[in-house]
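Since the structure comes first, as C-alpha cells, the remarks are kept for the end.
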C-alpha cells in the first residue's frame, strides 16, 4: 500500500501509543471542531484502514473497515481532506467540516 506516514503525522493531531512501527500499524487521532474524535488506523502489511468516530464521552458513534487498500493520500493538508483507495472504491475523510467520511464503490 502506498502511504506517506510523514504526511499523516502532520495531517492528524497526534500519533497514538497503540502504534506498532515494527508491525507497520499506525494509530492517528484528531478532534473535529464539533468535538468528534476521529481515530484513523493504517496497517501497511495488511493493506487495511479503520476509521472510528467517538464523541467526548468516548462512546463509539461509527466505524468503517476497508481491506485491500492500495493507497492513502492527503488531498488537501490545509482543508484536512484525505482519500483512501481500495479494490472496490474510495473513501474520503474530512477533519474540518462536512461529512466526516464518505465511501463510493467502483461501478
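Nothing in this text is a laboratory measurement; each read-out follows from the coordinates by a stated rule. Note that this is a predicted model, so its numbers are computed, not measured. When we count neighbours, we look across all protein chains shown, and the Cβ atoms used for this are built from the backbone with ideal geometry, even at glycine.
With helices as the sole contributors, the chain gives -1500 deg cm²/dmol at 222 nm; each DSSP H run of n ≥ 4 counts as -39500 (n - 2.57), and the sum is divided by every residue. Cβ crowding within 10 Å, taken as a proxy for footprinting-reagent exposure, orders 67, 22 from fewest neighbours to most as 22, 67.
The label point for residue 67 and the one for residue 107, both projected 7 Å from the Cα toward the Cβ, are 2.7 nm apart. Put in line by how crowded their Cβ is, counting other Cβ atoms within 10 Å and starting with the fewest, 18, 94 read 18, 94.
The calculated FRET efficiency for the pair residue 78 and residue 45, based on their C-beta separation and a Förster distance of 25 Å, comes to about 0.20.
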